1. Mind giving me the nanometre distance, one decimal, between the label points for Thr95 and Ala136, set 7 Å out from Cα along Cα→Cβ?
2. For an R0 of 22 angstrom, estimate the FRET efficiency from the Cβ-Cβ distance between Leu109 and Arg74 and round to the nearest 0.05.
3. By the scheme Lys and Arg +1, Asp and Glu -1, what is the net charge of all other residues having a beta-carbon under 13 Å from that of Val125?
Amino acid sequence: MSRSRLSLAGCALAGLLAACASMPSARDMQQRQAAYVAAAGAPVRSFRLVPGDSVYSWEPLGDTQLVVYTRPTRAFLLDTWPCSGLTVTNGIGFTSFAGEVSVGFDRILTTRGYLPCAIKQIRPVDMARFRLEKEARRHVEVMARDSKDGVPPPAGGN
């Protein structure tokens, strides 16, 4: 293989690894999904978007769930039928009537030309409960490592 092709292959591999590193792992996505589901309330028929405003933020949780923030402190968990465009799109939009996005009538629009995603269920997210769920899942179990001679290190870590 020529030196330029080897160099090009190396650059392509580095780019692929960088792209994979920026994507959340399946485990991280499952944990976030579990935290949102635990903090979601009872289903509602619709939620309101401010006319002329875009969605504040959004996060796909797989190909059947999406979290939409209408404001920094207001979020909704949307369940959809399987929708391949949710996890790969760079932007989303909604169909609505007078700023109201409703179950069974409105759809999620993606920017990659995929078919619109039908909304099966909408649940408001209790943001205080979500933060507690997220913090509870951050708990890391720490175990002291034994030293070479089998004696645990002193409490100060030295």
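Only the coordinates and a few stated rules stand behind these numbers; no lab work does. As the structure is a computational prediction, the values presented were derived from the model and not from experiment. With ideal geometry, Cβ positions are generated from the backbone for all residues, glycine too; neighbour counts draw on all protein chains shown.
1. 3.8
2. Values: r = 21 Å, r/R0 = 0.94.
Plugging the Cβ-Cβ distance into 1/(1 + (r/R0)^6) gives 0.60.
3. Local net charge: +3.
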